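To start, the structure itself, in structure tokens.
The values are calculated or read from the model by the stated rules, or taken from the named source; none is laboratory data. Since this is a predicted model, take the numbers as computed values, not measurements. Cβ placement follows ideal geometry from the backbone for every residue including glycine, while neighbour counts extend to all protein chains displayed.
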Ligand code: UDP
């Protein structure tokens, strides 16, 4: 046991991730970091998500406590306990509101837990704003996990709090973000559900209120990547931001499994043939119309690039994936199931990622040195894409008509041109060079004992646990 493990080993942390893969996975990585420091970790989750979580953390000492997800919102079907399984993303905000119905059972189970082992602090997702009240009742601090980088969360918060949308008349009128006067944005840089939907505004305001009253904010990013925004937030003094990522690098390198998934075998073959491959995936939430899927298929086909396209099952039903594979004659593969995305991005054959720029995907791509073709679809993804392309310069942007939440329709010709530019052009070459540097920075940030994120997490635990005594 090293020094940190001894120092922190008497402490117990409660984790409560939000029910979507993009928010759950980083908390699972965080659990590993806490366990590596000798801490006890208890994770709460609705029953339906237990299997995935228990599998992902099977090699750790984490304890999992199940809560039933109350089915009182008629549109949310029984058994749907994760946003990935919602029949439509229009139910996202009703789902967020419904999570509060878990509060009573959560507190009953917490009451039993704290008798057995006192809790030092809790990390819960921003969408579970009501957990602040629970932590306060039991007298331990709550930290918020938002699943966003600091740039996108600072800008979104500033825009909502200062009601900046009210000051512009059209979606493409530029305005300045008051707190960051060097940033000019348009309404198109935001998900239009924020503008149009009362329920989403309510959820957002619930979150902001609870964030302001929480102990601090844990961010899945690293200091060297977005110093300006982290320093800015921390200089305000009221509420601290702790950058402890990239969390995807928390998992120890595992030996190559004996039995590889068939898509990794396929990538091995491509590598042996000296081919580079474009990875295509749009995360667990984006909804893509059959017409748009068709344009993507044609764009990939005509680009002549090798590609591995991981498609959600629901979407794969509306297109002829076998037909596409036949037409490209071994140049492309379509996978219709859950994959380990990091295993794909790590593969030496992968030389580009056509991505929706969910923050986890963007960060994973940077960590494994893969340049990004950014095609944002919803939530804060347009801001992430802007950061990736314009600030960090590790990618190119698919111009998608920029009409709010629904990405403007992208024609296959546009996509084809951008794929060729990323995989073979000068701009792609520059982005590939830069992303290797960023990958090195990311690794260094997570380096045990010396990395900025490693040290930040220690400082955070030390600060809370010392206060506690
Ligand atoms: N992911 C995965 N396999 C899949 C689909 C997604 O491992 O088949 C992971 C991906 O690596 C990332 C997360 O799920 O860590 C998705 O989060 P992101 O923020 O990129 O997008 P979201 O799904 O929230 O839109």
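The conditions of being under 24 Å from residue 21 (Cβ atoms) and within 20 Å of the chain's Cα centre (by Cα) are met by residue 95. Those residues that are within 16 Å of the ligand (Cβ to nearest atom), assigned to a helix (DSSP H, G or I) and within 19 Å of residue 336 (Cα to Cα), I need them from region 248-266; list them, please. 262, 263, 264, 266, listed by residue number.
Report whether or not residue 283 is assigned by the TED database to the domain that holds residue 60, surrounded by 13 or more Cβ atoms within 10 Å (Cβ to Cβ), within 16 Å of the ligand (Cβ to nearest atom) and not in a strand (DSSP E or B). No, not satisfied.
Within region 305-314, the set of residues being within 16 Å of the ligand (Cβ to nearest atom) and buried (at least 19 other Cβ atoms within 10 Å of the Cβ) comprises 307, 308, 309, 310, 311, 312. Please verify whether residue 274 is in the same structural domain as residue 410 (by the TED database) and assigned to a loop (DSSP other than H, G, I, E, B), treating the condition exactly as stated. Judged against the criteria, residue 274 is a match. Looking at region 382-389, can you tell me whether even one residue there is closer than 26 Å to residue 127 by Cα, surrounded by fewer than 23 Cβ atoms within 10 Å (Cβ to Cβ) and either in contact with a strand residue (DSSP E or B) (Cβ under 6 Å, 6 or more places away or on another chain) or assigned by the TED database to the domain that holds residue 311 (or both)? The answer is yes; a qualifying residue exists.
The rows are residues; the columns are (1) free of Cβ contacts under 8 Å to residues at least 12 places away in the same chain; (2) closer than 27 Å to residue 8 by Cα.
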{"site": "418", "(1), (2)": "no, no"}
{"site": "422", "(1), (2)": "no, no"}
{"site": "427", "(1), (2)": "no, no"}
{"site": "430", "(1), (2)": "no, no"}
{"site": "437", "(1), (2)": "yes, no"}
{"site": "448", "(1), (2)": "yes, yes"}
{"site": "453", "(1), (2)": "no, yes"}
{"site": "457", "(1), (2)": "no, yes"}
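Listed by position, the helices (runs of 4 or more DSSP H) enclosed by region 323-394 that each have at least 2 residues that are within 25 Å of residue 289 (Cα to Cα) and either free of Cβ contacts under 8 Å to residues at least 12 places away in the same chain or more than 8 Å from the ligand (Cβ to nearest atom) (or both) are 381-386. Among the criteria (1) assigned to a loop (DSSP other than H, G, I, E, B); (2) within 28 Å of residue 253 (Cβ to Cβ), the one residue 440 does not fulfil is (1). Among the candidates 177, 159, 114, 155, the residue that is at pLDDT 95 or above and either buried (at least 19 other Cβ atoms within 10 Å of the Cβ) or touching a helix residue (DSSP H, G or I) at 6+ places or on another chain (Cβ under 6 Å) (or both) is uniquely 114.
When you scan region 212-231, how many residues do you find that are within 22 Å of residue 120 (Cβ to Cβ) and surrounded by 16 or more Cβ atoms within 10 Å (Cβ to Cβ)? Within region 212-231, residues that are within 22 Å of residue 120 (Cβ to Cβ) and surrounded by 16 or more Cβ atoms within 10 Å (Cβ to Cβ) number 7. The single condition from (1) modelled with pLDDT under 85; (2) away from the ligand (no atom under 16 Å from the Cβ) that residue 269 fails is (1). The helices (runs of 4 or more DSSP H) found entirely in region 124-199 that carry 3 or more residues being under 19 Å from residue 383 (Cβ atoms) and within 16 Å of the ligand (Cβ to nearest atom) are 150-161. Screening 410, 435, 419 for residues that are more than 13 Å from the ligand (Cβ to nearest atom), assigned by the TED database to the domain that holds residue 290 and either part of a loop (DSSP other than H, G, I, E, B) or more than 18 Å from residue 277 (Cβ to Cβ) (or both) leaves exactly one candidate, 410.
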